[in-house]
1. Can you confirm whether the stretch 16-27 contains a residue that is open to solvent by less than 70 Å² (accessible area, probe 1.4 Å), modelled with pLDDT under 90 and farther than 23 Å from residue 86 by Cβ?
2. State which residue pairs qualify: first residue touching a residue at least 24 places away in the same chain (Cβ under 8 Å) and on the phi > 0 side of the Ramachandran plot and inside the stretch 66-88, second residue outside any strand (DSSP E or B) and open to solvent by 70 Å² or more (accessible area, probe 1.4 Å) in any location, beta carbons under 9 Å apart, and separation of 6 or more residues or different chains.
3. Go through the stretch 32-63 and count every residue that is open to solvent by less than 30 Å² (accessible area, probe 1.4 Å) and free of Cβ contacts under 8 Å to residues at least 12 places away in the same chain.
4. Please pick out the residue among 57, 36 that is assigned to a strand (DSSP E or B), under 14 Å from residue 108 (Cα atoms) and aliphatic (A, V, I, L, M).
5. Within the stretch 64-90, restricting attention to residues that are among the aliphatic types (A, V, I, L, M) and modelled with pLDDT of 95 or more, which residue is surrounded by the most Cβ atoms within 10 Å (Cβ to Cβ)?
6. Can you report the number of residues in the stretch 91-102 which are under 17 Å from residue 57 (Cα atoms) and either open to solvent by 30 Å² or more (accessible area, probe 1.4 Å) or part of a loop (DSSP other than H, G, I, E, B) (or both)?
Amino acid sequence: MNSFRFGDAVAIVIFVVAIVFSIFMIKKSSGGKKSLVVSCCGDEYVYPMEKDGRYELRGSAGISVIAVEDGSAWFEDSPCPNKNCVQSGKISEPGSWAACLPNDVFIRIDSDDASDIDALAY
């Protein structure tokens, strides 16, 4: 007959504490200041993610509208024919990106916190 033992309870408690600690560390490590980097026709613009705003950028096909609200950014409108960039949704984490290829507009989230970087290539 199998019974629940004291060692089983200790193992479960250690496992739960490890999970909670891991979640806490992940949330804590993404505390850097985030910015929205927009590349448009060879130029690059940087906007703070803490400030809500609406930015119009003239790309190769027309004007793309990028919105920033509550720490998320997205393509609100763009002149491309199938609107894949608008349908791609919101981005909010460092390293996430969206693009309107027909209009040559690319957006990404950057962070000044080095722990938010996954890897570096030289």
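1. Looking for residues that are open to solvent by less than 70 Å² (accessible area, probe 1.4 Å), modelled with pLDDT under 90 and farther than 23 Å from residue 86 by Cβ, one finds at least one in the stretch 16-27, hence yes.
2. 71/50
3. Residues in the stretch 32-63 being open to solvent by less than 30 Å² (accessible area, probe 1.4 Å) and free of Cβ contacts under 8 Å to residues at least 12 places away in the same chain: 0 in total.
4. Going through 57, 36 in turn, the sole match is 36.
5. 73
6. Looking only at that region, the number is 3.
The values are calculated or read from the model by the stated rules, or taken from the named source; none is laboratory data. This one's a predicted model, so the numbers in the text were calculated from it and none came from an experiment. For neighbour counting, all protein chains shown are included, and Cβ atoms are generated from backbone atoms with ideal geometry for every residue, glycine included. For the accessible areas, the whole protein counts, side chains as well, though only heavy atoms, and no ligand, DNA or RNA atoms are used. Shrake-Rupley method; radii C 1.70, N 1.55, O 1.52, S 1.80 Å.
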